[in-house]
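Since the structure comes first, as structure tokens, the remarks are kept for the end.
The values are calculated or read from the model by the stated rules, or taken from the named source; none is laboratory data. All of these numbers come straight from a predicted model, not from anything done at the bench. When we count neighbours, we look across all protein chains shown, and the Cβ atoms used for this are built from the backbone with ideal geometry, even at glycine.
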Amino acid sequence: MVAFELSEEERMVQQVAHDFARKEIRPAAAYYDEREEVPYDIIKKAAAIGFGVTREGGLLEGASSSLLPSIMAEELSWGCAGIALAINSSGLAAAAIAATGSPAQRAQWLAAIASDGAAVHLGAMCLTEPDAGSDVANIQTTATRDGDDYVLNGEKQFITNGGIADVHVVFATEDRAKGWAGLGAYIVPAGTPGLTAGPAWRKMGIRASHTANVILSDCRIPAANKLGAAPAGGGGSGGPGALGALMTLERTRPVVGAYALGIGRAAYEYALDYAKQRVQFGKPIIKNQGIGFMLADMAMAVDSARLMVWRAAWMAGANAQYLQAEGSMAKCFASDMAMKVTVDAVQVLGGQGYMRDHPVEKWVRDAKIFQIFEGTNQIQRLVISRALEALPLRG
């Protein structure tokens, strides 16, 4: 039997997240979009409830459903994708530490990026470089062993929380000739000599999320800061290493799709309400087939994206293999949906939609990045096509 009804636990998280988005995020969305500032006050309030990486484990601690991160992401992004990303901006760094760190590393560094209602602590996952975006194997940043230390040199680009994070998880190569096998992930705490950041990038959308380059110049860290390194005294590896951290990205892609879903849903709902109230030629414009059909397509697209996101999230929780790259499917479809639906929402509103008095123009700007980051949608299609190619012939 297949059930589509949410459990009591899932409905509770959905309602708490929606209420927070409605009361705290939406009223502040235009302010932070205009000023391009990190919403520290909202991050604190969110941490007090249990959103993001928190000291008490968060709202999802001990949760039985793998859908919950996606449900939460959709609702917070419905409020504002930039603020939602700022709240959960430490998640990728936390995932890398949790997936590859030794027990001691997890205990130390996850605590270092955990926020609460009194203080905000941030993590940054430093992967992308000027010449290594989707081509991760081309990472140029180097990590050179020097006695009991590693010395890091290179530049990371477009890093969320870059330079303002308490902990940077930096991907670097110890031996480029070894390709993937030469990559490592290294913990670089804030204040480490040789760690500097460029100015914050001025972005088209998601402006409440801080983005900057991170420069590493003879940046020296203890060898113990390598994630997955063998613990002192031997005894084997502390974790699966950098490749294991990168493999977590496929399992987090449904959540990226959920952020896009929240934007698309917000735009669809706003356009629907507007079309019911806007009167032209003596009747609400939704009664015009041209508008009604657009809204019908928007509704189908939003629901289809949610089903794909939830399926991929369920598969991740069940440790089901993504034989058709279902994680990439969810991210790709949902972000394409968000882009089309937000543009159509502007069209439904007409001239009003083009004005900043309405939020739909902001949602268009926010939606675009989801087709680009966490693997461009062209790369996602490549991943999907290769997965399909590998399937056995059907008898």
(message) With closer than 30 Å to Glu36 by Cβ, in contact with a His (Cβ under 7 Å, 6 or more places away or on another chain) and surrounded by fewer than 23 Cβ atoms within 10 Å (Cβ to Cβ) as the only criterion, which of Ala112, Ala118, Ala95, Ala124 stands out?
(response) Ala112
(request) Sort through Glu5, Glu9 and tell me the only one that's touching a residue at least 24 places away in the same chain (Cβ under 8 Å) and over 21 Å from Ala95 (Cα atoms). (result) Glu9
(message) Report every pair of residues separated by at least 6 positions or lying on different chains whose Cβ atoms are under 8 Å apart, first residue within segment 370-381 and assigned to a helix (DSSP H, G or I), second acidic (Asp, Glu) and surrounded by fewer than 18 Cβ atoms within 10 Å (Cβ to Cβ).
(response) none
(message) Condition first: free of Cβ contacts under 8 Å to residues at least 24 places away in the same chain and among the β-branched types (Val, Ile, Thr). Can you find one or more residues in segment 333-355 that meet it?
(response) yes
(message) Residue under question is Gly179, and the condition is that it be in contact (Cβ under 8 Å) with a residue 40 or more places away in the chain, on the phi > 0 side of the Ramachandran plot and surrounded by fewer than 14 Cβ atoms within 10 Å (Cβ to Cβ); does it hold?
(response) yes
(request) Please verify whether segment 60-67 includes one or more residues that are of a type outside the set (A, V, I, L, M), within 20 Å of Phe370 (Cα to Cα) and not assigned by TED's automatic domain parsing to the domain that holds Gly317. (result) no
(message) Just to be sure before I move on: is Ser304 touching a Lys or Arg at 6+ places or on another chain (Cβ under 8 Å), of a type in the set (Ser, Thr, Tyr) and part of a helix (DSSP H, G or I) in the structure I sent?
(response) no
(request) Answer with yes or no whether Asn153 is surrounded by fewer than 18 Cβ atoms within 10 Å (Cβ to Cβ) and over 21 Å from Ala223 (Cβ atoms). (result) no
(message) So the check is Cβ under 9 Å with 6+ separation or different chains; which pairs have a first residue in segment 299-323 that's charged (D, E, K, R) and a second one that's modelled with pLDDT under 95 and part of a loop (DSSP other than H, G, I, E, B)?
(response) none
(request) Report whether or not Ala172 is touching a residue at least 60 places away in the same chain (Cβ under 8 Å), of a type in the set (Gly, Ala, Ser) and part of a strand (DSSP E or B). (result) no
(request) Return only the number of the condition from (1) in contact with a helix residue (DSSP H, G or I) (Cβ under 7 Å, 6 or more places away or on another chain); (2) at pLDDT 95 or above; (3) of a type in the set (Asp, Glu) that Glu389 does not satisfy. (result) (1)
